[in-house]
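Colleague: Pasting a structure here, questions to come.
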Amino acid sequence: YSTPSGVHVARSNDGVTFTPEPNAVLGAGGAGWEGSQAPRAPAFLTVGPDDHRLFYEAQGRIGEARSSDGLTWERVGDRPVIEPGADLDGEPAFDGVGVGDPEALRVRSAEGRWITRIYYTGRGADGSTGIGLAARFGDQGGMTRATAPAFTGPRGPRAPAVVPQGSFTLLFFDQAAGTNDDWPAIAAGIAPATRRIPVP
């Protein structure tokens with residue numbers, strides 16, 4: 001979880017009562033692109049027995065850190081793995097102002113290759129938000145962004161959480177309760193789009 005000082009860890013023996021570690025496991029003071037901003041919105045992913053990844057937001061970009069034990073983290077590289085999108089054919093990118101709120105997922109392709117997917121909130125110049133998707137083969141290197149959002153709508157979807165369910169995948173996100181409402185609500189989407197909620 002994140003606080004103004006950075007990313008923290010809490011532990012539990014029963015899944016009910018948690019004890020936080022006293023200090024941030026990933027604080028401010030990263031590579032130049034992060035500036036003095038502390039990382040926030042952590043997304044944890046295990047890629048091997050002693051190989052854990054943490055994707056996080058700082059300065060409207062998404063970075064990556066690596067750990068063997070989940071407590072001591074080192075940043076990967078000196079650049080973000082996902083940056084805001086550039087305009088395409090004169091059209092502003094849906095995520096041209098900033099990217100954040102990462103959600104990490106590891107899946108196998110039909111050919112058996114591991115794919116790391118990052119779902120994220122993309123922020124546009126007009127104030128709109130949409131759920132973006134970036135991916136890479138394997139566990140190393142930068143991400144390739146999809147130029148169009150995976151999900152968008154007039155209520156400002158943001159903060160994705162993805163739950164694979166075998167033949168379909170659920171996407172949960174935060175958005176305004178209505179087009180004229182200020183309070184937030186949790187909404188859901190499903191892929192493939194030919195499926196419907198509730199799932200029979």
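The values are calculated or read from the model by the stated rules, or taken from the named source; none is laboratory data. Remember, it's a predicted structure, so these values are computed and weren't measured experimentally. We place every Cβ from the backbone using ideal geometry, glycine too, and count neighbours over all the protein chains shown. When the accessible area is computed, the model is the full protein with side chains, heavy atoms only, and any ligands, DNA or RNA have been set aside. Shrake-Rupley method; radii C 1.70, N 1.55, O 1.52, S 1.80 Å.
Colleague: Tell me, which residue of the range 36-45 that is part of a loop (DSSP other than H, G, I, E, B), of a type outside the set (A, V, I, L, M) and under 21 Å from TYR120 (Cα atoms) is modelled with the highest pLDDT? Show your work before the answer.
Modeller: If we filter the range 36-45 for residues that are part of a loop (DSSP other than H, G, I, E, B), which is where we start, we get 36-39.
With the extra rule that they be of a type outside the set (A, V, I, L, M), the set shrinks to 36-37, 39.
With under 21 Å from TYR120 (Cα atoms) added as a condition, the list becomes 37, 39.
Details: GLN37: 90, PRO39: 96.
Restricting to residues being part of a loop (DSSP other than H, G, I, E, B), of a type outside the set (A, V, I, L, M) and under 21 Å from TYR120 (Cα atoms), the top hit is PRO39.
Colleague: Quick one: count up the residues across the range 6-25 that are within 18 Å of ALA43 (Cα to Cα) and of a type in the set (Asp, Glu).
Modeller: 1
Colleague: From the set of residues in the range 182-200 that are more than 12 Å from SER167 (Cβ to Cβ) and part of a strand (DSSP E or B), which is most open to solvent (accessible area, probe 1.4 Å)?
Modeller: Applying the filter and picking the extreme gives ILE186.
Colleague: Only one of PRO149, PRO154 is open to solvent by 40 Å² or more (accessible area, probe 1.4 Å), in contact with a strand residue (DSSP E or B) (Cβ under 8 Å, 6 or more places away or on another chain) and more than 23 Å from VAL47 (Cα to Cα); which? Working first, answer last.
Modeller: On the way: PRO154 fails: in contact with a strand residue (DSSP E or B) (Cβ under 8 Å, 6 or more places away or on another chain).
Checking each option against the conditions leaves just PRO149.
Colleague: Looking only at the range 142-166, how many residues end up being farther than 16 Å from PRO102 by Cβ and either outside any strand (DSSP E or B) or within 14 Å of the chain's Cα centre (by Cα) (or both)?
Modeller: So the first thing to find is which residues in the range 142-166 are farther than 16 Å from PRO102 by Cβ, and the list is 147-148, 152-156, 164-166.
Narrowing the set further to residues that are either outside any strand (DSSP E or B) or within 14 Å of the chain's Cα centre (by Cα) (or both) leaves 147-148, 153-156, 165-166.
Number of matching residues: 8.
Colleague: Scan the range 31-38 and tell me whether some residue there is open to solvent by 20 Å² or more (accessible area, probe 1.4 Å), in contact with a helix residue (DSSP H, G or I) (Cβ under 7 Å, 6 or more places away or on another chain) and farther than 20 Å from ALA161 by Cβ.
Modeller: No, there is no match, as no residue in the range 31-38 is open to solvent by 20 Å² or more (accessible area, probe 1.4 Å), in contact with a helix residue (DSSP H, G or I) (Cβ under 7 Å, 6 or more places away or on another chain) and farther than 20 Å from ALA161 by Cβ.
Colleague: Output the residue which, of all residues in the range 59-105 that are assigned to a strand (DSSP E or B), of a type in the set (A, V, I, L, M, F, W, C) and open to solvent by less than 20 Å² (accessible area, probe 1.4 Å), is nearest to VAL25 (Cα to Cα). Step through it out loud before you land on a result.
Modeller: Keep residues of the range 59-105 that are assigned to a strand (DSSP E or B), which gives 61-67, 74-75, 82, 88, 91, 98-105.
Now restrict to residues that are of a type in the set (A, V, I, L, M, F, W, C): 62, 65, 82, 88, 99, 104-105.
Checking which are open to solvent by less than 20 Å² (accessible area, probe 1.4 Å) leaves us with 62, 65, 82, 99, 104.
Details: ILE62: 17, ALA65: 11, ILE82: 21, VAL99: 22, ALA104: 19 Å.
Only one residue fits best here, namely ALA65.
Colleague: What pairs can you find where one residue is in the range 88-99 and farther than 8 Å from GLY122 by Cβ, the other is part of a strand (DSSP E or B) and modelled with pLDDT of 90 or more, and their Cβ atoms are less than 7 Å apart, with a gap of 6+ or different chains?
Modeller: Sorted first by the residue in the range 88-99, then by its partner, the pairs are VAL97/ARG123.
Colleague: Is it the case that the range 22-35 has a residue that's more than 13 Å from the chain's Cα centre (by Cα) and of a type in the set (Phe, Trp, Tyr)? Spell out how you get there, then give the answer.
Modeller: Narrowing the range 22-35 to residues more than 13 Å from the chain's Cα centre (by Cα): 22-35.
Now restrict to residues that are of a type in the set (Phe, Trp, Tyr): 33.
Scanning the range 22-35, I find at least one residue that is more than 13 Å from the chain's Cα centre (by Cα) and of a type in the set (Phe, Trp, Tyr), so the answer is yes.
Colleague: Restricting attention to the range 106-120, which residues are assigned to a loop (DSSP other than H, G, I, E, B) and either touching a Leu at 6+ places or on another chain (Cβ under 9 Å) or open to solvent by 30 Å² or more (accessible area, probe 1.4 Å) (or both)?
Modeller: If we filter the range 106-120 for residues that are assigned to a loop (DSSP other than H, G, I, E, B), which is where we start, we get 109-113.
Hits for the range 106-120 are ALA110, GLU111, GLY112, ARG113.
Colleague: So, one more: Quick check: anything in the range 7-20 under 23 Å from PHE172 (Cα atoms) and outside any loop (DSSP other than H, G, I, E, B)?
Modeller: Yes, because at least one residue in the range 7-20 is under 23 Å from PHE172 (Cα atoms) and outside any loop (DSSP other than H, G, I, E, B).
Colleague: On to the next question. Might you check whether a residue that is within 23 Å of GLN140 (Cα to Cα) and either modelled with pLDDT of 95 or more or open to solvent by less than 60 Å² (accessible area, probe 1.4 Å) (or both) occurs anywhere in the range 10-23?
Modeller: The initial filter retains those residues of the range 10-23 that are within 23 Å of GLN140 (Cα to Cα), namely none.
No, the conditions are met nowhere in the range 10-23.
Colleague: Check the range 125-141 and report whether any residue there is open to solvent by less than 30 Å² (accessible area, probe 1.4 Å) and assigned to a loop (DSSP other than H, G, I, E, B).
Modeller: Checked against the condition, which is being open to solvent by less than 30 Å² (accessible area, probe 1.4 Å) and assigned to a loop (DSSP other than H, G, I, E, B), the range 125-141 yields at least one hit.
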